[in-house]
Amino acid sequence: MTELKDLERELGRFRGRLLAAAAFVLLAFALLALRLVQLQVLRHDELATQAEVNRIAVVPVVPNRGLIVDRNGIVLATNYSAYTLEITPSRAGAIEPLIDELAQVVEIGPRDRRRFRRLLEESKSFESLPLRSRLSEEEVARFTVQRFRFPGVEIKARLFRHYPLGEVGSHLLGYIGRINPAEKKAIEDWPDEEQANYRGTDHIGKLGLEQAYERELHGSTGFAEVETSAAGRPVRLLRSQGATPGKTLTLSVDIRLQALVEQMFGDRRGALVALDPRNGEVLAFVSKPTFDPNLFVDGIDVENWKALNESIDKPLLNRALRGTYPPGSTFKPFMAMAALGSGKRAPDTVINDGGSYTFGGHVFRSHGDVGLGPVDMTRSIVKSSNVYYYSLANEMGVDLMHEMLSPFGFGQLTGIDLDGEAAGVLPSTAWKRRAYRKPEQQRWYAGETISLGIGQGYNHFTMLQLASATATLAAGGARFRPHLVREIEDMATQARQAPASPALPPLPLKPEHVALVLNAMYGVTQEGTATRVFAGAPYRSGGKTGTAQAVGIRQSERYNAARLEEHKRDHSLYIALAPLEAPTVALAIVVENAGFGAAAAAPIARRVFDYLLLGQVPSEEDMAATRAGRSAAPIGTPRRAEELALLP
């Protein structure tokens, strides 16, 4: 009986446990059913979209950047494809150990590591960042075999910008570089459509034409919808929209002429701008020293950046666009035009040049304190009389000079199709009040006017401004906005488009005034300061030499270049136009710290004219003499322009 009761109690406990287990199972199934309803019914649309997103990746297709070619079709900027080894930090885990392991498969140098760390600091963790660029096929094969070992690491084919001529024309071309945080923030403020166009883009134009024409060169980004595996690797392409390549820029620049001038500068610093006065096209746009824009494409290393940034020669400064210089005696033809236009001087008015001019107890000197005797306007330009223009500046006053000369563009932006142009200074009493804070500094003193007449004092202009003013004079008052881009071609539609008309309102210059000044400039090449340089030229040209102080000297001192450090010596300048009868080229050139204009600047101008008008370039011996600053003679044994090597 006792055993039967025990059995019943045990059976009761078993039934209880069975019921509890059954209740638990039913509850679990109820929860699963509830969750199933929630996932499959209530959140079906949301989760289906997420699943599709996880299965399908939308990958931006970066467009080919547009080409840049010179007026003769020579390629100045192009692209090439290469493999890069890239890491996505959010999928890669510990970065440093991963890089150490990768270094056993693919060569990774200290520079690669430094650049990657910098990119990692600037970028978001989900971005794919390049560790090594330009992998060889052997390196790609080695990594592919062991790819399973490296989560978050992949090989990608990327387009790289390339400048085939290296340093030639670097300041006008500029360069591209990786988009930095400031640029990323600026892009975020763009309209949505423009922001979307930069998805997948790592680089942007930084300087020169690459920056100024960024939107034309970039092209339109496409996309590809790719089905991916659970590991995130592409399985198949679902649909795509191709990228539209950037537009091709055809420049007005003749790159052979550009290379010729850069080679003639040698190691000297300076700038040259040559324009077509008939339409404002830039034929050469030289700033020396130059730099290799290829260094910046994939991120410049510390050593090269330090060398460029800390050099006393400032190779990154675009002297043609941003360098401002006192024009020296190259200012005298424009002073003559101002005198004629204002009625302050007649052409036959004679001033006695005794070698110096005294004003307010201060002696203003001429070249070597040598007097020229009686000087009229023509002779004042041919022989470069300082006294004539000291007295003229005193008669005109600073504000009348400003009024008559500002229409030539001095002290103003020319509007060239590049960013960062410097305005320079054409002084006036109003300018000085704006430029200085202290009342005693804001006051204009009469003695400050005198040196303005010979292009010294506060006068500071760019070679671009000086060339543009010379072109206006050569064209008899017709004015054009200087421009580098001649034509923009849409490679998708083959449509060609010229930039907006560069024509500006003409200056009402009297033809007889222009003729007088141009004939005087012609006299400079026949019996004046540039006679030796243009001896034997089969064409007629006009010019004006200039020598401008880089540093001031005391009144009691005499200028002696040998006693000064090289960077403190006078600048050599020259303006010119040719052929005189119907000018097709006008230029301005400065060779820094090279002395008299006829010694260094004018010979380069002669070579430019011989190239453009005769199709000739100097012999190697003459090139060497020009670079050394020894040649002021005509070309000895000329070569055809086609023989000029573009690359050093």
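Candidates Glu262, Glu281: the one that is acidic (Asp, Glu) and more than 17 Å from Gly415 (Cα to Cα) is Glu262.
The set of residues in the range 304-319 that are touching a Leu at 6+ places or on another chain (Cβ under 7 Å) and surrounded by 17 or more Cβ atoms within 10 Å (Cβ to Cβ) comprises Leu308, Pro315. The residues in the range 422-449 that are surrounded by fewer than 17 Cβ atoms within 10 Å (Cβ to Cβ) and either in a helix (DSSP H, G or I) or aromatic (Phe, Trp, Tyr) (or both) can be counted, and the count is 14. Out of Glu395, Glu403, one residue alone is under 30 Å from Leu275 (Cα atoms) and open to solvent by 60 Å² or more (accessible area, probe 1.4 Å). It is Glu403. Total residues in the range 320-360 satisfying the condition of being open to solvent by 10 Å² or more (accessible area, probe 1.4 Å), more than 34 Å from the chain's Cα centre (by Cα) and of a type outside the set (D, E, K, R): the figure is 16. Regarding Glu139, is this residue open to solvent by less than 50 Å² (accessible area, probe 1.4 Å), of a type in the set (Asp, Glu) and not in a loop (DSSP other than H, G, I, E, B)? Yes. For the range 385-421, residues that are within 17 Å of Pro347 (Cβ to Cβ) and either assigned to a loop (DSSP other than H, G, I, E, B) or not aromatic (Phe, Trp, Tyr) (or both) total 6.
For Tyr458, indicate whether it is without any contact (Cβ under 8 Å) to a residue 40 or more places away in the chain, aromatic (Phe, Trp, Tyr) and surrounded by 13 or more Cβ atoms within 10 Å (Cβ to Cβ). Yes. Going through (1) under 31 Å from the mean Cα position of the chain (by Cα); (2) surrounded by fewer than 24 Cβ atoms within 10 Å (Cβ to Cβ) one by one, Ser468 falls short only on (2).
The listed residues are Asp301, Asp292, and the only one of them that is touching a residue at least 12 places away in the same chain (Cβ under 8 Å), charged (D, E, K, R) and within 24 Å of Asp419 (Cβ to Cβ) turns out to be Asp292.
So that you can scan it fast, the table gives a plain yes or no per residue for (1) in contact (Cβ under 8 Å) with a residue 12 or more places away in the chain; (2) open to solvent by less than 20 Å² (accessible area, probe 1.4 Å); (3) aromatic (Phe, Trp, Tyr); (4) on the phi < 0 side of the Ramachandran plot:
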position	(1), (2), (3), (4)
Ala474	yes, yes, no, yes
Arg481	yes, no, no, yes
Met491	yes, no, no, yes
Gln497	no, no, no, yes
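Residues that are in a strand (DSSP E or B) and either at pLDDT 95 or above or closer than 30 Å to Val617 by Cα (or both) are absent from the range 512-528. Restricting the search to helices (runs of 4 or more DSSP H) fully inside the range 150-211 and requiring at least 3 residues that are surrounded by 13 or more Cβ atoms within 10 Å (Cβ to Cβ) and without any contact (Cβ under 8 Å) to a residue 24 or more places away in the chain gives 181-188.
Filtering the range 466-485 to residues that are under 28 Å from Leu173 (Cα atoms) and part of a helix (DSSP H, G or I) leaves Leu466, Ala467, Ser468, Ala469, Thr470, Ala471, Thr472, Ala474.
The values are calculated or read from the model by the stated rules, or taken from the named source; none is laboratory data. This is a predicted model, so every value here is computed, not measured. Reconstructed Cβ throughout: ideal geometry from the backbone, glycine too, with neighbour counts over all protein chains shown. The protein model used for the area step is the full one, side chains on, heavy atoms only, and it has no ligands, DNA or RNA in it. Shrake-Rupley method; radii C 1.70, N 1.55, O 1.52, S 1.80 Å.
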